[in-house]
Amino acid sequence: MAKKKNITENDIISWYMDDVLNHNKQPSSVYSFAKENNFEEALFYKHFGSFDAIEKGVFKAFFNNTITLLEKSEDYGGFDARNKLLSFYYTFFENLTANRSYVVHAIAGNKNQLKSIEALSELKKSFSEYIENLDIQTIDLKEERLEKLQLRSLKESAWFQLLVTMKFWLDDTSSSFEKTDIFIEKSVKASFDLIDTTPLKSIIDFGKFLFKEKIHNK
């Protein structure tokens, strides 16, 4: 049988996931992996440098598939930041659910916690960029260093929230993971309520008013 020549990054990811689930471990070598899936070994290295790189690519692919689906929706573009993030969560976890066996193996089933975290590193980069571009309203601190610190804190807290939600989903035994849907709705609402700048802006404005009044009355 002629070897496959036109293979994509997603082809390799799909074959890798199947191989891992069938054998409960990484393939023994790139050579054997390529031979089993009937393509030249050199084509593997056009897309990935190692199996560990594929593991990072799997979760990045879940993210990319989520964004692709969201951008096909006519409604999504008109949503505010909160509803965009909610839509992201629901769609992302649909992707995870469709591949739950692999996700459980890669995260919950991996005894090496450091390796599990490393597998999510590309997802973290992509998700952090997504959060940065959501245009979430924060306090105008009028100082570049503080603005950067505030943005970094926002991205880190959003990433932590995603990790917590993934852990909840991994432990969820409810039908159709309905408890995870409830968790997503409540946690996203709570996080936006916490960063809602309106009350704090009011306090700052009131403080400025009192300060000015005190200065003028001296």
Worksheet item: Points 7 angstrom from Cα along the Cβ direction at Lys189 and Glu40: gap in nanometres?
Response: 5.7 nm
Worksheet item: Across region 123-130, in residue order, what do the Karplus-derived ³J(HN,Hα) couplings come to in whole Hz, using 6.51 cos²θ - 1.76 cosθ + 1.60 with θ = phi - 60° and x for Gly and Pro?
Response: 4, 4, 4, 5, 5, 5, 5, 4
Worksheet entry | Solvent-accessible area per residue, Å², over region 35-77 with all protein chains present [probe radius 1.4 Å] | 56 Å²
Worksheet entry | Pairs beyond 18 Å (Cα-Cα), from Lys46/Lys125; Lys84/Lys179; Lys84/Lys186 | Lys46/Lys125; Lys84/Lys179
Worksheet entry | Phi to ³J(HN,Hα) by Karplus 6.51 cos²θ - 1.76 cosθ + 1.60 over region 169-186, Hz, x for Gly, Pro | 5, 4, 8, 6, 10, 6, 4, 6, 6, 5, 5, 5, 4, 5, 4, 4, 4, 6
Discussion item. For region 1-102, which trypsin sites (Lys or Arg not before Pro) pass both filters: DSSP loop (anything but H, G, I, E, B) and at most 15 other C-beta atoms within 10 Å?
Written reply: Lys3, Lys5, Lys25, Lys46, Lys72
Worksheet item: What is the distance, in nm, between label points placed 7 Å from the Cα along the Cα-to-Cβ direction at Leu21 and at Lys167?
Response: 2.6 nm
Discussion item. What is the percent carbon and sulfur in the accessible area of region 1-129, measuring with a 1.4 Å probe over the protein chains and ignoring ligands?
Written reply: 48 percent
Practice prompt. Grab the Cα-Cα distance for Ile182 and Ser116, subtract it from 0.36 nm times how many residues apart they are, and report the gain in nm with one decimal.
Written response: 21.2 nm
Item to complete: Please give, to one decimal in nm, the separation of the simple spin-label points placed at Arg145 and Tyr90, each 7 Å out from Cα toward the Cβ.
Response: 4.4 nm
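The values are calculated or read from the model by the stated rules, or taken from the named source; none is laboratory data. None of these values were measured; they are calculated from a predicted model. Glycine also receives a Cβ, built like all others from the backbone with ideal geometry; neighbour counts cover every protein chain displayed. Side chains included, ligands, DNA and RNA excluded: accessible areas come from the protein's heavy atoms. Shrake-Rupley method; radii C 1.70, N 1.55, O 1.52, S 1.80 Å.
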